[in-house]
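Okay, so here's the structure we're looking at.
The values are calculated or read from the model by the stated rules, or taken from the named source; none is laboratory data. Keep in mind that what you see is a predicted model, and the values were worked out from it rather than measured. Cβ atoms come from the backbone with ideal geometry, glycine included; neighbour counts cover every protein chain shown. Please note that ligands, DNA and RNA were not included when accessible areas were found on the heavy atoms of the full protein model with its side chains. Shrake-Rupley method; radii C 1.70, N 1.55, O 1.52, S 1.80 Å.
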Amino acid sequence: KLSEAYLEQSKDFVFNAVHTDNDTLPKVVVLVIGETSRAANWQLNGYERETTPMLAQTPNITVFTDCMSQSNTTHKSIPILLSPATADDYSTLYHSKGLLAAFNEAGFHTAFISNEPRNNSFNDHLGEQAQEVLFLRDTMEGTPMDSLLLPEVERVLSANQGNLMVVVHTYGSHSTYSDRYERNQAYYTPDVVLKATRDNRESLINAYDNTIRYTDRFLHSIITMLQQQERPAAMLYASDHGEDIYDDRRNLFLHASPWPSYYQLHVPFLV
């Protein structure tokens, strides 16, 4: 009921956000939200495999190695990332607007580009506060590859030369892992698993690590776009939550369990 009443309850909310930077150059900020990406499998976080080879060679990246998600579920963690709500005060969400609305008030052009399915939840509501909204799955069948988001990001960058805020919501490392990347990008093999069991953990990890390499390539592509901008530009990346992959004697798999594990909550965050 609270979700259904959200648009009416929040319609008069304002942040009174203003842009106080005296820099005359317009700027662009791109926030990329990952899906099911756990920090433990990121080379940038000390993982022994080369899962982020492109980012590892990219200058001016700051990596925060001890970032924790406030929820191990997408439908709660995304609203926390995009609004003033926290796990301690989630009720704030039901009557306030989000990050994109604040940037609107500050005079930025805003865009929300998503590879997630619509579900009529706060993920949709907060994204739709952008001036420009695109869900790939509105026009594409199945689950598109995240790479199909890149031409849309490039289009928005080219079309808006003033102050710009873009939120990109990827499908990242969501199971089934081997479906998240093209076959020619299967760097670690074997990576195709017919049934998820502890006995198949090696193949599951191979496939999962391939999704991180795919994310590495995706983020590097966005950084390359921003480096070509003739204005100050920044990219932030954080995942909504992590994942269990039969990591210990509890034999936990996937996420959203009633008792969140370390692997579900420790997420990559870089700027």
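Restricting the first member to region 26-49 and to residues that are closer than 26 Å to Ala106 by Cα, and the second to residues that are open to solvent by 10 Å² or more (accessible area, probe 1.4 Å) and among the basic types (Lys, Arg), the beta-carbon pairs closer than 8 Å and six or more apart or on different chains are Pro26/Arg231; Lys27/Arg231; Val28/Arg231. Restricting attention to region 79-138, the residues that are touching a residue at least 24 places away in the same chain (Cβ under 8 Å), assigned to a loop (DSSP other than H, G, I, E, B) and among the β-branched types (Val, Ile, Thr) total 0. Residue count for region 50-64 under the criterion of being touching a residue at least 40 places away in the same chain (Cβ under 8 Å), part of a helix (DSSP H, G or I) and more than 17 Å from the chain's Cα centre (by Cα): the result is 2. Residues that are closer than 15 Å to Ser37 by Cβ and either open to solvent by 20 Å² or more (accessible area, probe 1.4 Å) or modelled with pLDDT under 95 (or both) within region 221-238 comprise just one, Leu236. If you go through region 213-230 and keep only what is in contact with a Gly (Cβ under 9 Å, 6 or more places away or on another chain) and among the β-branched types (Val, Ile, Thr), you end up with just Thr215. Go through Ala101, Ala106, Ala159, Ala130 for me and flag whichever is more than 23 Å from Tyr263 (Cβ to Cβ), among the small types (Gly, Ala, Ser) and open to solvent by 60 Å² or more (accessible area, probe 1.4 Å). None of the other options fit; the residue is Ala159. Look through Leu25, Leu31 and report the one residue that is of a type in the set (A, V, I, L, M, F, W, C) and either at pLDDT below 95 or over 25 Å from Ser173 (Cα atoms) (or both). Just a single option satisfies the conditions, and that option is Leu25.
Looking only at residues in region 162-215 that are among the aliphatic types (A, V, I, L, M) and under 16 Å from the mean Cα position of the chain (by Cα), the one that is surrounded by the fewest Cβ atoms within 10 Å (Cβ to Cβ) is Met165.
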